[in-house]
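Heads up, the thing below is written out as structure tokens.
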Amino acid sequence: MRSSIPLGRIGGVRVGLNISVLVIVAILVFGLGFGRFPAVFPGYPRAAYVLAGVAAAVLFMASLLAHELAHAIMARHEGVEVSRITLWLLGGVAELRGEPRSPGADLKIAVVGPATSLLAGVVFGAIALLISGLVSGAALAGGMFAYLAGVNVLLALFNLVPAAPLDGGRVLRAILWARWHDRARAAIAAARAGRWFGYVLIAVGFLQVVTGRSFDGLWLALIGLFLVNAASAEEQQTRLGTVLHGIRVADAMSGHPVVASPDETISGLIERVVMRHRLSTYPLVAPDGTFAGLVTLNRIRRVEPERRGATRLADIACPPQEVPRARPEEPLTDLLARMEGCADGRAVVLDPAGRLVGLLTPTDISRTIQMADLRATLSGPRGADLAPPYHGDHRDAA
Ligand SMILES: [Zn+2]
């Protein structure tokens, strides 16, 4: 999930908004300020409804953020690094780097989110009761807090459905993990439950559209579609992790890469090596031996032939800080989780002194997966393939 609008850091965790969050804010402001509130609490000026709608939308986003922060803080407490929190169209995501080390940690990180939403529901409910009891003529304000209480309780309950990647799916994974002592098998079971729950939501949503309650139905179907996709991706990721278990970056990389100088021209590189070695990736190494960027054939092709004689490789390279880096002894699956940025799916392998020792390209990765798959098949069925056809991981849907 890309954060298009950074909000800064809270407790050291990067927090951002995806642009799609504006859609849900608009739906809340219009749906409440122009629809629900005027209908249920008549007799206020128009501006009061709009203000209540905006306040409800902002407080809802704040309570969603509290839910995600709870996950993030607990994750760090359990030794799992948190890369960022993003709020988007369908809710929030706390992106964790790496996996909890035990079923207990998995369970705690998952449960603390819905618990926070339940607590928010109780607090907002108490405020609503206080306002209605103590302040006369404040039915609209009381109603707004009652609405926030309701949506937070709903958020907690919905996310506790045992279906990955919802929190309830993580709970299910933790329980199965503790029982089976096999994390991958438990994760696959939870992802399958997620996919099936997604299908159910799509079907229910479709029925609602057909019977005329179109908007709610579309929303459910959208959440269902997201769950099916996310759960399927998670299952694949888990299977890949199982297949690649124990393989280090050094096992998969191509060593002794052909390198170029940042000051070399594109034409120079083409004449010197591109036509002779059939390579698609050229790391740049500065005279002092430090890694200085990555040039791929894709980048070379984007420069018009007549300009290639005057263009330096440094000018078209993916800058060094944006190229994924790995250490030779690191598990390959850890690197695969960080393969982003402008390097066209490549990564460089550096030794502790920062010298370039290897390169990892999509070809290297797919060859390694195929070899590992072959090895897994030869050694007979394992963990993941023995999972029962039981319908049974972290993202929060609003
Ligand atoms: Zn959650």
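Would you mind telling me the antiparallel percentage of the DSSP bridges in the chain, rounded to 5?
Once the DSSP bridges in the chain are tallied, antiparallel ones form about 85 percent.
How much of the accessible area of the range 203-263, probe 1.4 Å, is carbon plus sulfur, in whole percent?
64 percent
Over all Cα atoms in the range 193-320, the spread is summed up by Rg and Dmax: 24.7, 70 Å. Evaluating 6.51 cos²θ - 1.76 cosθ + 1.60 at θ = phi - 60° for every residue in the range 182-190, the Karplus couplings come out as 9, 5, 5, 5, 5, 5, 5, 4, 5 Hz, glycine and proline recorded as x. Each of Asp251 and Glu304 was given a label point 7 Å from its Cα along the Cα-to-Cβ line. The distance between the two points is 4.9 nm. Sorting Ser366, Ser63 by accessible area puts them as Ser366, Ser63; the probe is 1.4 Å, largest comes first, and only protein heavy atoms count.
The packing ranking, built from the mean of other Cβ atoms within 10 Å per residue, places the peptides 90-97, 283-290 in the order 90-97, 283-290, highest first. Straightening the chain between Glu99 and His277 buys 60.1 nm, computed as 0.36 nm per residue apart minus the Cα-Cα spacing.
Given in Å, the Rg to one decimal and the Dmax to the nearest whole number for the Cα atoms of the range 249-376 are 14.8, 50.
Remark: the range 131-226 projects, on average over all directions, an area of 8.5 nm² (convex hull of Cα atoms). When both bridge partners sit in the range 231-380, DSSP labels roughly 80% of those beta bridges antiparallel. For the range 5-245, the convex hull spanned by the alpha carbon atoms encloses 134 Å³ per residue.
Residues Arg301, Arg183 ordered from highest to lowest accessible area at a 1.4 Å probe: Arg301, Arg183. For Ser132 and Ser83, what does the FRET efficiency come to when R0 = 56 Å and r is the distance between their Cβ atoms, rounded to the nearest 0.05? Plugging the Cβ-Cβ distance into 1/(1 + (r/R0)^6) gives 0.85. With R₀ fixed at 45 Å, the C-beta to C-beta distance from Ser366 to Leu119 puts the FRET efficiency at about 0.45.
Determine, from the Cβ-Cβ distance of Met339 and Val58 and an R0 of 35 Å, the FRET efficiency 1/(1 + (r/R0)^6), rounded to the nearest 0.05.
Taking R0 as 35 Å, the efficiency between Met339 and Val58 is 0.45.
For the range 113-127, the Karplus equation 6.51 cos²θ - 1.76 cosθ + 1.60, evaluated at θ = phi - 60°, returns couplings of x, x, 4, 5, 5, 4, 4, 4, x, 5, 5, 4, x, 5, 4 Hz by residue, with Gly and Pro reported as x. Say a paramagnetic label sat at a point 7 Å from the Cα of Ala286, along Cα to Cβ; which residues of the range 319-339 have their backbone N under 12 Å from it? Label zone hits: 320-321.
A straight chain from Ser232 to Arg46 at 0.36 nm per residue would run longer than the Cα-Cα distance by 62.4 nm. Accessible area per residue for the chain, computed on protein heavy atoms with a 1.4 Å probe, is 50 Å².
The values are calculated or read from the model by the stated rules, or taken from the named source; none is laboratory data. Note that this is a predicted model, so its numbers are computed, not measured. When we count neighbours, we look across all protein chains shown, and the Cβ atoms used for this are built from the backbone with ideal geometry, even at glycine. Protein only, heavy atoms only, side chains kept; ligands, DNA and RNA dropped before computing areas. Shrake-Rupley method; radii C 1.70, N 1.55, O 1.52, S 1.80 Å.
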